[in-house]
Amino acid sequence: MIERLFDLCCTIGHVDFQTSLFADADVAAPALAPQRRELTLGAWVDVQRNWLSDPDEVFSALVERVPWRSERREMYDAVVDVPRLVHTYLAADPLPHPALARARDDLSTHYLPELGEPFVSAGCCYRDGHDSVAWHGDTIGRGRSQDTMVAIVSVGDPRRLLLRPRGGGSSIALTMGHGDLVVMGGSCQRTWEHAVPKVAHSGPRLSVQFRPANVF
């Protein structure tokens, strides 16, 4: 899978995400003005389309500069490959592109009245249509017992983010496009679950998940 990721470095110039390939590195992100959807039990999700500045350059930087690694984990009676590549930047780590640092700062400022603290970590994931994220909530750490937030910036081909009440129920679907922002807040990690399902045909897609301290 790592080889498949770095093959993108040779082909990225031919991938069309329907945005400019000549983004100005000094262009600021649009003002944060997400649309909120209230869920149940105090959970909510915010969405802002085309929010990230320089999404093409961010995509290239993530492919070329992130020290991607694969993981294996126990599942049932076997040890299996995690179906994605990952890396996490902690609070003191420089991010691979200035637009991501600006995004983290802007998110921290915008959500401070609700969250009460800044976003500090940036978890990166790579996947294409063959890779997926199973149903889960970010409940390792403080997210298990406290309301918190996870902000996701997506670059690359569109993928669906599904959300459903914990324990089952009807799901809702959000399409995450190139440069889009999705923020899950309130009780979302404790009372709802989210997943990214496999699709038959999808090009490369990478995401960055900004989280407060001690939320995983």
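Got a number for residues in the range 145-202 being in a loop (DSSP other than H, G, I, E, B), over 20 Å from Ala43 (Cβ atoms) and small (Gly, Ala, Ser)? So the answer is 4.
Restricting attention to the range 60-78 and to residues that are among the aliphatic types (A, V, I, L, M) and in a strand (DSSP E or B), the residue that is modelled with the highest pLDDT turns out to be Ala78. Among residues of the range 163-216 being surrounded by 21 or more Cβ atoms within 10 Å (Cβ to Cβ) and among the basic types (Lys, Arg), the one that is nearest to Pro55 (Cα to Cα) is Arg205.
Which of (1) in contact (Cβ under 8 Å) with a residue 24 or more places away in the chain; (2) of a type in the set (A, V, I, L, M); (3) out of contact with any helix residue (DSSP H, G or I) (no Cβ under 8 Å at 6 or more places or on another chain) does Ala173 not meet, given it meets every other one? Going through the list (1) in contact (Cβ under 8 Å) with a residue 24 or more places away in the chain; (2) of a type in the set (A, V, I, L, M); (3) out of contact with any helix residue (DSSP H, G or I) (no Cβ under 8 Å at 6 or more places or on another chain), Ala173 breaks only (1).
The values are calculated or read from the model by the stated rules, or taken from the named source; none is laboratory data. Predicted model only: the values in this text are computed from it and were never measured. Cβ atoms come from the backbone with ideal geometry, glycine included; neighbour counts cover every protein chain shown.
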